[in-house]
Amino acid sequence: QVQLVESGGGLVQAGGSLRLSCAASGSFFSIDAMGWYRQAPGKQRELVAAVTSGGTTNYADSVKGRFTISRDNAKNTVYLQMDSLKPEDTAVYYCNADVRHWGYANHYWGQGTQVTVSS
């Protein structure tokens, strides 16, 4: 019913930048929070950044000052601008959305996009 499609991942050198996008499509009433998580090999999935429908943002300490999350509510799209990338940022990045349907809410995940930062 709801799909999240990520794009923008790739391979960059340390210090480089990437911009991830995640577009929600399907049938839903509205989207509350949207965010990005990441999972590196052998590690737990962790929150990178999130933004509520009201614009409140939340960042992992490890990315503060380097990453910026934003959203375009008209396009149901969330972005993650990643600057000053470090090798430890290497992970699969997953888009997440808290979606309101008519009568209930649910969490949805994208399939992930690989970000690799070489040193």
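Quick look at the numbers
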read-out	value
Pairs with Cβ under 9 Å, 6+ apart, first in the stretch 19-35 and charged (D, E, K, R), second open to solvent by less than 30 Å² (accessible area, probe 1.4 Å) and assigned to a strand (DSSP E or B)	ARG19/LEU80; ARG19/MET82; ASP32/ALA97; ASP32/VAL99
Options VAL117, VAL78, VAL99: the member that is within 15 Å of GLU6 (Cα to Cα) and in contact (Cβ under 8 Å) with a residue 40 or more places away in the chain	VAL78
Spans of strands (runs of 3 or more DSSP E) in the stretch 1-115 with at least 1 residues under 14 Å from the mean Cα position of the chain (by Cα) and either loosely packed, with under 12 Cβ neighbours inside 10 Å or at negative phi (or both)	2-7, 18-26, 30-39, 46-51, 57-59, 67-72, 77-82, 91-100, 105-109
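The values are calculated or read from the model by the stated rules, or taken from the named source; none is laboratory data. Treat the numbers as computed from the prediction; the structure is a model and nothing was measured. Glycine also receives a Cβ, built like all others from the backbone with ideal geometry; neighbour counts cover every protein chain displayed. Calculation scope for accessible area: heavy atoms of the full protein, side chains included, ligands and nucleic acids excluded. Shrake-Rupley method; radii C 1.70, N 1.55, O 1.52, S 1.80 Å.
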